[in-house]
Amino acid sequence: MPGHVDIGPRQVGAGEPCFVVAELGANFNGDVHLCLRMIDAAHAAGADAVKLQKRDPSMLCIPAQQRNQPKDSPWGILSYADYRRRLELDASGYDIIATHCRYRGIPWFASAWDEPSVDFLMKYDPSCLKVPSACLTDLSLLHAMRRTGRPIIASTGMSDEAQIARAVAILGPDRLVLLHCVSTYPAPVETLNLLCIPWLRERFQIPVGYSGHETGISTSLCAVVLGASVLERHFTTDRTLFGTDQAASLEPRGFATLVRDVRKWERARGTGIKTVSDAERAVLHKLRRFP
């Protein structure tokens, strides 16, 4: 049976309550005040943590011809490179977010897309770090994350078994959670391949979760039923806001409904051992004629 990973005060793994993460990503479009409103809404909707994404804009892996491509944005027409820079928060923005999350009592962490971002995030003493799917084959980045000694959550979108096994070997299995993921936005339901969740858990013998990019909530609940110990969904206060992730995001009401249904499943799943329950005994004595 796969073990557990401690993320802050929480144990993550089989038999524990699912760790539900609201992925803010770039949905707040570089506006720290909108980010704070999203944090408040995610907290109210029952999220166990909120997650951001940190990149060093100077290290973006963009083909040269794409860097100067015009991009429509909330700030007008920008080059794609300038657009990506506008989405990033500096240290003052993260200072505000860290203070606000402490005030709200909700943990935050972030995906690190490059080694400078690992160093940046470590200044905030994060309870864990996240490997985005796009970076699972960046071996230098994986080694940098391993050296921090922090628990790591790694998404596996766009990766095959050999690539995942190599990442697990580098990151180490002791403080690692793998997330099954399909990296399309939004992901068509027929592509979700949710049976990879129990397969990953059996194959690597570590806690496994699910990062969902689909629309709706039913399939994310199915992921938890199949054994996801972590559930990550993109979160927004308004799906009509600018941004490529908005269509694959849940608004507060939908996120709260998903959290409610996950907690209902946790109360309903029981032990798997068939017995006569205490609640059945009165009915048994009333209706059963033969022992």
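Within region 270-291, track down each residue that is of a type outside the set (Gly, Ala, Ser), closer than 30 Å to GLY15 by Cα and not in a helix (DSSP H, G or I).
Listed by number, the residues that qualify are THR271, ILE273, LYS274, THR275, VAL276.
Out of the residues in region 201-213 meeting the condition of being free of Cβ contacts under 8 Å to residues at least 60 places away in the same chain and buried (at least 20 other Cβ atoms within 10 Å of the Cβ), tell me which one is nearest to ALA169 (Cα to Cα).
Selected residue: TYR210.
In region 24-55, how many residues are buried (at least 21 other Cβ atoms within 10 Å of the Cβ) and free of Cβ contacts under 8 Å to residues at least 24 places away in the same chain?
The total comes to 1.
Is it the case that region 220-240 has a residue that's surrounded by fewer than 16 Cβ atoms within 10 Å (Cβ to Cβ) and more than 27 Å from GLY13 (Cα to Cα)?
yes
Criterion first (within 19 Å of the chain's Cα centre (by Cα), within 22 Å of HIS234 (Cβ to Cβ) and in a loop (DSSP other than H, G, I, E, B)) does SER111 satisfy it? Break it down into steps so the answer makes sense when it comes.
Values: within 19 Å of the chain's Cα centre (by Cα): yes; within 22 Å of HIS234 (Cβ to Cβ): yes; in a loop (DSSP other than H, G, I, E, B): no.
Spelling it out, it is not the case that SER111 is within 19 Å of the chain's Cα centre (by Cα), within 22 Å of HIS234 (Cβ to Cβ) and in a loop (DSSP other than H, G, I, E, B).
List the residue pairs whose Cβ atoms are under 8 Å apart, where the first residue sits in region 221-236 and is within 24 Å of ASP40 (Cβ to Cβ), the second is of a type in the set (Lys, Arg), and the two are 6 or more positions apart or on different chains.
GLU232/LYS51
Do you know which residues across region 105-121 are closer than 25 Å to ASP48 by Cα and surrounded by fewer than 16 Cβ atoms within 10 Å (Cβ to Cβ)?
Kept after step one, since they are closer than 25 Å to ASP48 by Cα, are these residues of region 105-121: 105-113, 117-121.
Scanning region 105-121 gives GLY105, ASP119.
Does region 88-103 contain at least one residue that is closer than 22 Å to LEU141 by Cα, aromatic (Phe, Trp, Tyr) and assigned to a strand (DSSP E or B)? First the steps, then the outcome.
Pass one, region 88-103, residues closer than 22 Å to LEU141 by Cα: 88-91, 94.
Pick out the ones that are also aromatic (Phe, Trp, Tyr) and you get 94.
Adding the requirement that they be assigned to a strand (DSSP E or B) leaves none.
No, region 88-103 contains no residue that is closer than 22 Å to LEU141 by Cα, aromatic (Phe, Trp, Tyr) and assigned to a strand (DSSP E or B).
State which residue is nearest to SER111 (Cα to Cα) when the search covers only region 137-185 and only residues that are buried (at least 22 other Cβ atoms within 10 Å of the Cβ) and hydroxyl-bearing (Ser, Thr, Tyr).
SER155
Of the numbered conditions (1) within 27 Å of GLY254 (Cβ to Cβ); (2) at pLDDT 95 or above; (3) surrounded by fewer than 18 Cβ atoms within 10 Å (Cβ to Cβ), PRO74 satisfies every one except a single condition; which is it?
That leaves (2) as the condition not met.
Exactly one condition in (1) outside any loop (DSSP other than H, G, I, E, B); (2) of a type outside the set (Gly, Ala, Ser); (3) in contact (Cβ under 8 Å) with a residue 40 or more places away in the chain is not met by GLU190; state its number.
(3)
From the list ARG253, ARG233, which one is within 16 Å of VAL20 (Cβ to Cβ), within 11 Å of the chain's Cα centre (by Cα) and of a type in the set (D, E, K, R)?
Values: ARG253 fails: within 11 Å of the chain's Cα centre (by Cα).
Answer to the check: ARG233.
Can you tell me which residue in region 197-255 is farthest from ALA165 (Cα to Cα), limited to those that are polar (S, T, N, Q) and assigned to a helix (DSSP H, G or I)? Before the answer, list the steps.
Of the residues in region 197-255, the ones polar (S, T, N, Q) are 205, 211, 215, 218-220, 229, 236-237, 240, 244, 246, 249.
Next, from what is left, pick out any that are assigned to a helix (DSSP H, G or I): 218-220, 246.
Numbers: SER218: 29, THR219: 26, SER220: 25, GLN246: 31 Å.
Per the criteria, the residue is GLN246.
The values are calculated or read from the model by the stated rules, or taken from the named source; none is laboratory data. Model, not experiment: these values are computed from the prediction. Cβ sites come from the backbone with ideal geometry, for glycine too, and all protein chains shown count toward neighbours.
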